[in-house]
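Every read-out reported here was derived from the displayed coordinates using simple, explicitly stated rules and does not represent laboratory data. Just so it is clear, the structure is predicted and the values come from calculations on it, not from any experiment. In this analysis, Cβ positions are derived from the backbone assuming ideal geometry, glycine residues included, and neighbour counts consider all displayed protein chains.
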There are 2 protein chains.
Amino acid sequence: MTAHPLHVPPGPVDLDAIATDATPGYGGSKSDGKAALEGLGPELADLQERLFAEGRATGSRRRVLLVLQGMDTSGKGGTLRHTVGLVDPQGVRISSFKAPTADELAHDFLWRIRRAVPAPGYLGVFDRSHYEDVLIARVNELAAPEEIERRYDAINEFERELVEDGTVVLKCLLHISKDEQRERLLARLDNPEKYWKYEPGDIDARARWDDYRAAYELALERTNTAHAPWHVVPSDRKWFRNLAVGTLLLDALRGLDLGWPAADFDVDAERARLLASEAST
Amino acid sequence: MTAHPLHVPPGPVDLDAIATDATPGYGGSKSDGKAALEGLGPELADLQERLFAEGRATGSRRRVLLVLQGMDTSGKGGTLRHTVGLVDPQGVRISSFKAPTADELAHDFLWRIRRAVPAPGYLGVFDRSHYEDVLIARVNELAAPEEIERRYDAINEFERELVEDGTVVLKCLLHISKDEQRERLLARLDNPEKYWKYEPGDIDARARWDDYRAAYELALERTNTAHAPWHVVPSDRKWFRNLAVGTLLLDALRGLDLGWPAADFDVDAERARLLASEAST
């Protein structure tokens with residue numbers, strides 16, 4: 001039994017109607033869920049290596065891009081560590097998007113995003129993404145309303161280009177409750193080893209919780225395309241969140257039907273060349 | 001007991017005098033060595049997280065850069081997987097340097113390298129590096145002799161800048177024998193799951209083994225500085241190679257004497273703000 005994160009049906013989205021503490025599709029316990037995720041590791045690692053091999057040895061442009069979005073403390077970093085951490089780091093490229101720099105602001109919002117798109121064969125991860133440009137940008141009025149309106153279409157077009165260029169785009173909203181966020185922020189304030197994860201600005205964003213929820217709902221509605229659908233991952237239970245995202249990744253890799261690249265050289269001739277080469281110096 | 005990779009003394013270097021199958025400083029067996037590396041994992045991960053925390057929460061510019069060099073099949077990728085793979089991928093940035101593109105060739109050889117230097121708080125890895133510009137560039141005469149001569153000093157100056165800017169530079173030559181390379185190339189030709197790792201050009205490079213050795217010896221002699229010393233890691237035994245590099249990384253992180261960043265906010269005041277914030281929507 002594996003976890004199945006919620007696919008969002010087309011149309012308006014009501015995030016309050018999606019339980020943050022549910023474990024849809026999974027009937028096991030927390031310890032079962034942790035073991036199940038570990039159990040996915042070998043196949044995940046094997047398929048990721050095949051994808052990497054394909055990117056290296058063939059002209060294939062296939063790759064996977066995992067986009068992680070969610071409110072502060074929703075666990076983007078933890079998800080990454082527990083899922084992407086199961087595969088060879090060589091084949092992974094992670095990009096964390098913070099507030100844009102002056103240089104980045106001087107360009108279109110997708111400029112810095114395009115530069116971070118993973119190369120063929122890679123598993124790319126966006127820890128926050130171009131969605132910030134229709135989330136915090138909308139809540140904090142960092143751009144004019146018409147510009148934000150334009151961005152939904154620009155995002156859909158950009159993601160269509162990615163998909164047509166061989167990218168599987170996995171968009172996950174890590175969905176937590178406001179109560180759960182309070183507990184996690186308190187935990188950061190109660191543990192000196194976690195102070196570094198806390199920023200006073202987190203409380204300001206928390207005060208705008210309803211505005212963020214509305215911005216997420218609108219973003220999901222406008223960008224939940226057939227080529228790059230959204231997944232809302234109930235994330236109050238960290239173990240379920242990790243299992244759900246790990247399962248999504250595995251399903252994406254399985255869907256690529258990855259083999260091992262054939263030799264583009266004459267194996268016997270190369271073996272003969274090798275054996276004829278001087279053995280030692 | 002831990003593995004101590006060989007530090008190269010100043011002066012001329014004779015790589016033939018350094019055994020490729022030795023396990024200097026380590027008296028344990030292969031299975032002991034594998035267990036010892038696993039045993040380093042928790043402390044490595046803890047210290048890496050502290051470094052990451054420092055980079056996030058303070059103005060510190062400290063970071064670690066692991067530079068991996070070695071002949072084909074010396075195991076740069078495997079080393080990376082088994083050592084860097086022990087820490088949170090969030091805090092790792094890996095750059096693999098291939099033959100330079102036309103755009104890269106239009107700039108100074110360090111241009112693409114500078115763009116890949118890890119940000120403060122990160123553990124960066126160079127899988128091949130600026131050293132290729134004095135190795136393959138020398139062997140295949142890709143640059144004029146005076147230009148290559150200039151590069152040793154440019155590298156030393158560049159690495160001095162990195163160190164003065166807070167970077168620990170760990171330079172490792174993964175040292176294998178020509179016989180061991182033959183076995184590893186044969187293994188790639190004997191296993192269809194490894195064909196993707198094989199390139200006919202590997203045999204051409206192998207034919208220039210002595211030239212590469214001389215180029216490495218010269219590079220080591222010229223760039224074995226006090227601020228960024230070289231480590232020659234005997235790498236015929238993969239388990240020792242991994243343990244040695246893991247130990248080097250751990251020693252580097254221990255040397256930073258990493259704590260957890262102090263709060264730069266009033267913890268009690270923030271807790272009060274949080275508890276005063278609306279609990280649910």
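Which GluC sites (Glu not before Pro) from region A:127-193 combine a DSSP loop assignment with at most 16 other Cβ atoms within 10 Å? Here the sparse-neighbourhood loop sites are A:Glu141. Mind checking the log10 I(q)/I(0) for region B:1-157 at q = 0.16 Å⁻¹? Debye, one equal scatterer per Cα, no solvent, two decimals. The computed values of log10 I(q)/I(0) come out as -1.14. Equivalent ellipsoid of chain B: semi-axes from √(5λ) of the C-alpha gyration tensor, largest first, are 36, 23, 19 Å. Here the label points at A:Ile18 and B:Leu110, each 7 Å from Cα along the C-beta direction, are separated by 4.9 nm in the simple model.
Here region A:141-165 and region A:215-268 have alpha carbon centers that stand 21 Å from each other. The reciprocal of the average 1/r between distinct C-alpha atoms defines the Kirkwood hydrodynamic radius, which for region A:72-133 equals 12.8 Å. A DSSP coil position with no more than 10 other Cβ atoms inside 10 Å describes none of the GluC sites (Glu not before Pro) in region B:1-79.
Qualifying trypsin sites (Lys or Arg not before Pro) in region B:86-123, where qualification requires a DSSP coil assignment and no more than 13 other C-beta atoms within 10 Å, comprise B:Lys98, B:Arg115. Straight-distance candidates among the lysines for linking to A:Lys197, with alpha-carbon spacing under 30 Å and chain neighbours fewer than 8 residues away dropped: A:Lys30, A:Lys34, A:Lys76, A:Lys98, A:Lys171, A:Lys178, A:Lys238.
Other protein chain C-beta atoms within 10 Å of residue C-beta, averaged over A:87-94: 6.
Averaged over the residues of peptide A:176-182, the number of Cβ atoms from other protein chains lying within 10 Å of each residue's Cβ is 3.
Could you work out the helix-only [θ] at 222 nm for chain B, with each DSSP H run of four or more residues adding -39,500 (n - 2.57) and the total divided by the number of residues, to the nearest 500 deg cm²/dmol? Before the final figure, lay out each step's value.
Details: 11 runs with 131 residues, N = 281.
The helix-only estimate for chain B comes to -14500 deg cm²/dmol at 222 nm.
Let me spell out the model: positive unit charges on the Cβ of Lys and Arg, negative unit charges on the Cβ of Asp and Glu, origin at the Cα centre of region B:6-276. What dipole size does that give, in debye rounded to 20? Each step should come with its number before you reach the end.
Values: 36 positive and 46 negative charges, 129 e Å.
I would put it at about 620 debye.
If you build the convex hull over the alpha carbons only and average its shadow over all orientations, what do you get for the protein assembly as shown? Give it in nm² to one decimal.
Numbers: hull surface 106.9 nm².
Result: 26.7 nm².
Position B:Thr101: other-copy label points at 1.8 nm, ordered by increasing distance, label point 7 Å along Cα→C-beta. A crude spin-label estimate for the pair B:Glu147 and A:Lys194, with each label 7 Å from Cα along the Cβ direction, gives 5.5 nm. Just want to confirm a number: the relative contact order over chain B, from Cα pairs under 8 angstrom separated by 6+ residues, in percent. Computed over chain B, the figure is 34 percent.
On the basis of the beta-carbon distance and an R0 of 56 Å, A:Ala214 and A:Glu278 show a calculated FRET efficiency of 0.20.
Please get the size of the charge dipole for the protein assembly as shown, origin at its Cα centre, with Cβ charges of +1 on Lys and Arg and -1 on Asp and Glu, quoted in debye to the nearest 20. Mind showing how you got there, number by number?
On the way: 72 positive and 94 negative charges, 162 e Å.
With only Lys, Arg, Asp and Glu charged at Cβ, the dipole is about 780 debye.
Across peptide B:202-214, the average count of Cβ atoms from other chains found within 10 Å of a residue's Cβ is 2. Counting charges near B:Asp16 (Lys, Arg +1; Asp, Glu -1) among other residues having Cβ under 11 Å from its Cβ returns a value of -1. Sorted fewest first by neighbouring Cβ atoms within 10 angstrom, A:Ser74, A:Ser95 come out as A:Ser95, A:Ser74. Of the DSSP H helices in chain B, those that are both long (alpha-carbon extent of 15 Å or more along the helix axis) and hydrophobic (Kyte-Doolittle mean at least 0.0) are B:238-255. Scattering from region A:1-87 was approximated by placing one identical point on each alpha carbon and applying the Debye formula without solvent; log10 I(q)/I(0) at 0.11, 0.14, 0.15 1/Å stands at -0.45, -0.72, -0.81.
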